[in-house]
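Participant: Before anything else, here's the structure in question.
The values are calculated or read from the model by the stated rules, or taken from the named source; none is laboratory data. Model, not experiment: these values are computed from the prediction. Ideal geometry is used to build each Cβ from the backbone, glycine not excepted, and the neighbour counts take in all protein chains shown.
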Amino acid sequence: MISVAGLEFALIMFDYHLATEATRRAARVAVIEPPMVNVDEITTSGVTCTYAGGATPSCTGASTSAYAIATFDKIAAAITEMIPGATSDPSLSITVTYRDTELTDGAATNVFTPSVTVRLVGLKYEFFAAGLLGVGGFQFPSFDTTRVGPSEIPS
């Protein structure tokens with residue numbers, strides 16, 4: 001019984017690590033790829049794009065850019081590489097938040113330096129051994145990673 005409990009704990013920690021790594025990779029992709037929203041509309045309060053089992057992400061606070069779907073597909077691919085089926089799970093939501101950090105070198109006045117946060121909410125763990133006895137799983141806390149992107153001058 002102790003061995004099975006140890007195995008179950010190891011599986012929980014492995015899934016936790018996978019989710020953490022998935023958001024880390026997704027945040028890196030979000031910083032590298034063109035923003036999903038128009039850069040001119042991003043403020044320090046942020047613009048959030050959410051995907052929750054729909055066909056395309058919905059963004060609040062700014063209009064989507066021409067790259068929105070392509071960028072989100074790459075972000076989703078980074079997550080599903082670590083968590084297969086993440087984008088098809090209706091209980092799981094992925095949010096990408098863009099913020100202007102207002103970081104400059106002092107010489108430029110109209111520079112945009114983004115901060116991008118990727119959050120994964122609703123990931124569940126179903127017990128392996130206890131599941132055989134009818135014990136359900138639990139929901140992990142949300143996972144998020146923030147990265148600062150390269151500076152650029154908005155159009």
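Participant: Restrict the check to segment 117-138 and report whether at least one residue is part of a strand (DSSP E or B), under 22 Å from residue 33 (Cα atoms), under 18 Å from the mean Cα position of the chain (by Cα) and modelled with pLDDT under 85.
Facilitator: Scanning segment 117-138 turns up no residue that is part of a strand (DSSP E or B), under 22 Å from residue 33 (Cα atoms), under 18 Å from the mean Cα position of the chain (by Cα) and modelled with pLDDT under 85.
Participant: Same structure, new question: Would you tally the residues in segment 57-71 being in contact with an Asp or Glu (Cβ under 9 Å, 6 or more places away or on another chain), buried (at least 19 other Cβ atoms within 10 Å of the Cβ) and not hydroxyl-bearing (Ser, Thr, Tyr)?
Facilitator: Total meeting the criteria: 1.
Participant: What about residue 75, is it part of a strand (DSSP E or B), buried (at least 20 other Cβ atoms within 10 Å of the Cβ) and either touching a Pro at 6+ places or on another chain (Cβ under 8 Å) or at pLDDT 80 or above (or both)?
Facilitator: For residue 75, the condition - part of a strand (DSSP E or B), buried (at least 20 other Cβ atoms within 10 Å of the Cβ) and either touching a Pro at 6+ places or on another chain (Cβ under 8 Å) or at pLDDT 80 or above (or both) - is not met.
Participant: Turning to a different aspect of this structure: Looking only at segment 43-73, which residues are touching a residue at least 40 places away in the same chain (Cβ under 8 Å) and in contact with a strand residue (DSSP E or B) (Cβ under 7 Å, 6 or more places away or on another chain)?
Facilitator: Hits for segment 43-73 are 43, 44, 46, 47, 48, 49, 50, 51, 52.
Participant: Now, a different point. Return yes when residue 20 is within 16 Å of residue 120 (Cα to Cα), touching a Cys at 6+ places or on another chain (Cβ under 9 Å) and either surrounded by fewer than 18 Cβ atoms within 10 Å (Cβ to Cβ) or modelled with pLDDT under 90 (or both) and no when it is not.
Facilitator: no
Participant: Which of the residues belonging to segment 78-102 are under 14 Å from residue 24 (Cα atoms), assigned to a helix (DSSP H, G or I) and among the aliphatic types (A, V, I, L, M)?
Facilitator: 78, 79, 82
Participant: While we're here: Only one residue in 33, 41 is of a type in the set (D, E, K, R), surrounded by fewer than 20 Cβ atoms within 10 Å (Cβ to Cβ) and in contact with a helix residue (DSSP H, G or I) (Cβ under 6 Å, 6 or more places away or on another chain). Which one?
Facilitator: 33
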